[in-house]
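We did not get these values from a lab; they are worked out from the coordinates using the rules stated. Fair warning: this is a prediction, and the values are worked out from it, not measured in the lab.
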Amino acid sequence: MKSHTTALALGLLALLTATACTTTSPSVEDTSDTEGTEAVVEEGNTAQPETAVTPDNPDAVESETSDDAVAAQSNTSVSAGVALASDGVILVVNDTGSTRSLPFGTELSTTVEILTNIWGEPSSISEDVLCEPRNQSFDAVMWDNGVIIDGLDDEFVGWRTQDDNATTMNGIRVGTSLTELKGSYGEVKVFEDSLGIGFSTSEADAGIEGQLSSTAEDAVVTYLSAGEQCVYR
């Protein structure tokens, strides 16, 4: 499963780079409504390579997936945005509005490479930080937009943020009100723990979680996360 997810992610990196490099929009399946694609963060600059991918040159797409091509792509900014999701993050190709999922379970190094292609170099990287409650060591990579992704056993397992730069596809971000949360997700579980007032959009572990300023309907989100983190509750 891990190798399959990583292969898909590498193909996604090639697709994003190819999309940014073509002079005409490529034929890609639009997997989302274009409405809501404003909920992304930190666009990159479109780069122009020496050889464009065109229908007359189909081998260019396949060659992008080689190890050398992937390494070269790490130095290329692409015209895409990133939206937060309950199962990872969603990459949005700006020219077409098409979306591709970058799910939890993707190899951490591949995830960092793809996000660095869009957001630029990380502002901080922490490796093998012991999480005492779980007796496991996490990695954490942070960008200037305030998004932190968490890694465990070399896999992308979670994200978190206290900054209002990053949003979900439906516009949920730090600063969103509890009323807006309920409007987007329906039932929202609100609870108190050692961290303060928490919320979850799902009874299962697959929802978006975070912290609120209070339990009132006009309370706002102060922290947003999904997946696994080292959290003391």
What does the extension gain come out to for D153 and N165, with contour length at 0.36 nm per residue minus their alpha carbon separation? 1.5 nm
Measuring from centroid to centroid over Cα atoms, what is the spacing of segment 182-233 and segment 115-173 in Å? 18
